[in-house]
Each structure stands twice: as C-alpha cells, then as structure tokens.
Amino acid sequence: MKHALVVGSSGVIGGAIARHLASASGWRVTCATRGGSAPDGAQGLAVDLLDPASVRAAAAQLAPVTHVFYAAYQHRPTRTEEIPPNLAMLRHAIDLGEAQSGALRRFVLVTGGKYYGLQWGAIKTPARETDPRHLGPNFYYAQQDHLAERADAAGWTWSHLIPPYVTGFSERAPMNLVMAIGVLATLSRELGLPLRFPGPAASWNALHHLADVEQIAAASAWAATSETAANQIFNIANGDPGRWRNSWPVVAEHFGLAVGEPLPVPLSQVATELAPLWQRIAEREGLRQPDLHALVDWQWADYMFKTAFSNDVLFELGKIRRAGFSGCVDSETALRGRFDELRAQRLIP
C-alpha cells in the first residue's frame, strides 16, 4: 500500500488531495497539520513545519512514506519575506518524507499562477511550462530548485503542478473565491438586490482559466504514480477558459437572483457595513460562522475581482494531456457544486 503524507490539508487544495486519496483504494493517508486534524479515512500528524524540533518528533512516529503531497503556504507582508518560511516548510516536509531511508518515491508540489508572475500584473498567454522565469522575489522558484536538488541527491522523483485561480472549499482558508461569491450572493438576496459583479469591465470581460480542487486532486494522484510525470512541471486547469460576463449569470441563477450591471464596489467596506446583517442571517439560518470577516479575506477578494481577473490568464494544457492526464471539468458546473458544498457545510444558507 502506498503511504501518502499530505502537507497543507487544512487548506483548499491540500484538503481536496487528502479527501481524494482517502477515498481511493491502495492509499494510506496521513495529514500533517499543526493541530493534527485529518478528514475521514485519513490519520492526523501534529507537526509545526517551522519548528525543527517538532519535525524531528513527528518523524520519529511516522511510518515510512512513499509519496508526499505539498500544498502549504505561509503568508507574509512582502514577497521577499515569504521566501524563508515557505522554503523552510518545504525543506522540513522533505525531511519527513525521507525519515525512513529509501521509502520515498515521489514528491508532488502544487504551487500556483504566481510562478508565472500573476502577482505583478499581466503575463504572456498562454503560459507554458517552458516560459523563462521573471526576476524575483518568488518563493515558488526557491521551492522548485530545492526540491529538484534534494530529489537528485536522494534518488527519488518529483512532480510540480501549477494551477491558475482555484475554486474549492475550506473553512480555514479565507482567501477563497467560492466563499466570497457565495457570501455576496447571500447578502444580495437578503437585501432584495441583483447580483452584481464587484469588479471593473476589464475583469468582467477578460478570458481566464479556473482550476477546481477536484481536478487538481485527480491530477496530483496521477502525477504521483505516472512515470511520464517524473521530474516534470505541468500546468493544470479545468478545461476550456471562460469570462465572468458569461459565467456570472449562471452563478446568479443558481442563487435565484437577477444579474445587475458590474460595479467595482470596495468589498472591504461592504463587509464592514454588512457584518451585522450577516450575523443576523447566520443566527436565523443556523450557520456555523457568524463572523463575516472570518469567512473571507475581503482585501484579498478586492484584489482578485479588481486586479487579478483584469487580464487574460490562460495556461497551456497540452503538456499534461500528452503525458497522460485527460481529466476535464466544466467550470460553471464545478462552481455550482462548490456553492452546494458551502450550503451542505452550513456556511451559507
């Protein structure tokens, strides 16, 4: 049986990977989190990946690991400050994977569109895995270089997946596009208003790829076991790109709302104004989180709708398809499924 160590399982991507593997045959799954939590079918390992002593203690009780899946992230105020903690966590995750000599076969790293410089503005599209790097700082580059060096020295292999904008569920991840839209739709319905896209015309009309977490999880499982994925970087996204001007009416219909004209309102101010209303909705509907600011990082949501989506973001997907992964997801269907998941988890009514 393959033994997977999933690092970052309390987040959107890592949680999806853990659930996917736990429901598949032939996998034993251990989730490394600070609190030792794990989804059904997996076991937890309490470890602080920024504390070497905690890592050593966890390694002493960890059964031999054959595969590591890494999707963890530590936020810092600047891109330069992000490098040391995120590189340290990756290094310690590799230490856990190598705790039992000779057991580790493959390390799957999942990063994101910042690998191509999305955080700085418009990028070349479609983005290809062979595109040259941009000038730093970029902690993804430090992680990829360290991963390749460690693998080459020890004799195991790696795979690196790069998704664009991610849709998925985690109540512990407030940088969550699905949650932000679901909350805005709920508030609009409560106030008897149409659902307005909260960004400018550029974001409304730009072409973009999305990556649902189930698609990422399936690709991660494939990358862990496929010979053609060894020591390779792959883009991963749902399938066809889309525009919010086409997808937003589908979202509105799912919530029983009319569509209003786009209006780039300041979401941080909207959240402050409507936090008492959300608390009343949560109490009335028996929702699990009455704090609007705990559900969503509204400053991040402002950035996403006003800046991130304002340029075309297309990823070349030919390489992963030629290598053997053929999964394809309809983004609008995936979005509707995610909203239903939020309802089932009693996070929106």
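The values are calculated or read from the model by the stated rules, or taken from the named source; none is laboratory data. Owing to the predicted nature of the structure, the values given are computational and were not obtained by experimental measurement. Neighbour counts run over all protein chains shown; Cβ positions are idealised from the backbone, glycine included. The accessibility values were calculated without ligands, DNA or RNA, using every heavy atom of the protein model including side chains. Shrake-Rupley method; radii C 1.70, N 1.55, O 1.52, S 1.80 Å.
Contact list please: Cβ distance under 9 Å, first residue in region 291-311 and surrounded by fewer than 16 Cβ atoms within 10 Å (Cβ to Cβ), second residue acidic (Asp, Glu), pairs at least six apart or on different chains.
Partner pairs satisfying both residue conditions: Ala294/Glu171.
Yes or no: Thr111 among the hydroxyl-bearing types (Ser, Thr, Tyr) and over 19 Å from the mean Cα position of the chain (by Cα)?
When the stated conditions are applied, Thr111 does not pass them.
Having 1 or more residues that are basic (Lys, Arg) is the bar; report the helices (runs of 4 or more DSSP H) wholly within region 231-349 that clear it.
Qualifying helices (runs of 4 or more DSSP H): 244-254, 267-285, 298-306, 318-323, 331-344.
Do we have any residue at all in region 274-289 that's under 24 Å from the mean Cα position of the chain (by Cα) and open to solvent by 30 Å² or more (accessible area, probe 1.4 Å)?
Checked against the condition, which is being under 24 Å from the mean Cα position of the chain (by Cα) and open to solvent by 30 Å² or more (accessible area, probe 1.4 Å), region 274-289 yields at least one hit.
One residue is enough: does region 170-177 have a residue meeting the conditions more than 21 Å from the chain's Cα centre (by Cα) and part of a helix (DSSP H, G or I)?
Within region 170-177 (the criterion being more than 21 Å from the chain's Cα centre (by Cα) and part of a helix (DSSP H, G or I)), the answer is no, since none of the residues qualifies.
Please go through region 189-218 and give me each residue that is open to solvent by less than 20 Å² (accessible area, probe 1.4 Å) and among the small types (Gly, Ala, Ser), ordered by number.
Gly199, Ser203, Ala206, Ala211, Ala217
Please go through region 117-173 and give me each residue that is among the polar types (S, T, N, Q) and open to solvent by 20 Å² or more (accessible area, probe 1.4 Å), ordered by number.
Correct list: Gln119, Thr125, Thr130, Thr157.
Is it the case that region 55-74 has a residue that's in contact with a Gly (Cβ under 8 Å, 6 or more places away or on another chain), more than 21 Å from Val213 (Cβ to Cβ) and modelled with pLDDT of 95 or more?
Yes: one or more hits.
Which one of Ala42, Ala58 is open to solvent by less than 30 Å² (accessible area, probe 1.4 Å) and touching a Ser or Thr at 6+ places or on another chain (Cβ under 9 Å)?
Of the residues listed, the single one that is open to solvent by less than 30 Å² (accessible area, probe 1.4 Å) and touching a Ser or Thr at 6+ places or on another chain (Cβ under 9 Å) is Ala42.
From Val259, Val265, grab the single residue that is touching a strand residue (DSSP E or B) at 6+ places or on another chain (Cβ under 7 Å) and at negative phi.
Step by step, each of Val259, Val265 is checked, and only Val259 is touching a strand residue (DSSP E or B) at 6+ places or on another chain (Cβ under 7 Å) and at negative phi.
Go through region 219-239 residue by residue and tally those that are open to solvent by 10 Å² or more (accessible area, probe 1.4 Å) and either hydrophobic (A, V, I, L, M, F, W, C) or over 28 Å from Gly8 (Cβ atoms) (or both).
4
Mind checking whether some residue in region 66-77 is among the hydroxyl-bearing types (Ser, Thr, Tyr) and open to solvent by 60 Å² or more (accessible area, probe 1.4 Å)?
Within region 66-77 (the criterion being among the hydroxyl-bearing types (Ser, Thr, Tyr) and open to solvent by 60 Å² or more (accessible area, probe 1.4 Å)), the answer is yes, since at least one residue qualifies.
Let me spell it out: the conditions are (1) free of Cβ contacts under 8 Å to residues at least 40 places away in the same chain; (2) closer than 22 Å to Val166 by Cα; (3) touching a strand residue (DSSP E or B) at 6+ places or on another chain (Cβ under 6 Å), and Ser23 meets all of them except one. Which number is the exception?
(3) is the only condition that Ser23 fails.
Restricting the first residue to region 147-158 and requiring it to be farther than 11 Å from Glu98 by Cα and in a helix (DSSP H, G or I), which pairs with a second residue that is open to solvent by 60 Å² or more (accessible area, probe 1.4 Å) and not hydroxyl-bearing (Ser, Thr, Tyr) meet a Cβ separation below 9 Å and a spacing of at least six or different chains?
Sorted first by the residue in region 147-158, then by its partner, the pairs are Ala148/Asn231; Asp152/Asn231.
Under 6 Å between Cβ atoms, which residue pairs at least 6 apart in sequence (or on different chains) link something in region 95-124 that is farther than 30 Å from Asp312 by Cβ and at pLDDT 95 or above with a partner that is open to solvent by 30 Å² or more (accessible area, probe 1.4 Å) and part of a loop (DSSP other than H, G, I, E, B)?
Listed by first residue and then by second, the contacts come to Ala103/Pro64; Leu104/Glu98.
So that you can scan it fast, the table gives a plain yes or no per residue for (1) farther than 22 Å from Gly192 by Cα; (2) of a type in the set (Phe, Trp, Tyr):
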| site | (1), (2) |
| --- | --- |
| Glu273 | no, no |
| Glu285 | no, no |
| Glu332 | yes, no |
| Phe339 | no, yes |
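Using beta carbons and a limit of 7 Å, which pairs, at least six apart or on different chains, have the first residue in region 278-290 and over 15 Å from Glu171 (Cβ atoms) and the second one outside any loop (DSSP other than H, G, I, E, B) and among the β-branched types (Val, Ile, Thr)?
As it stands, the answer is Ile281/Thr186, since those pairs meet every condition given.
Working only within region 76-112, note down all residues that are of a type in the set (Val, Ile, Thr) and in contact with a strand residue (DSSP E or B) (Cβ under 8 Å, 6 or more places away or on another chain).
Of everything in region 76-112, those that are of a type in the set (Val, Ile, Thr) and in contact with a strand residue (DSSP E or B) (Cβ under 8 Å, 6 or more places away or on another chain) turn out to be Ile94, Val108, Val110, Thr111.
Which residues, counting only those in region 312-334, are open to solvent by 20 Å² or more (accessible area, probe 1.4 Å), among the small types (Gly, Ala, Ser) and under 19 Å from the mean Cα position of the chain (by Cα)?
Listed by number, the residues that qualify are Gly327, Ser331.
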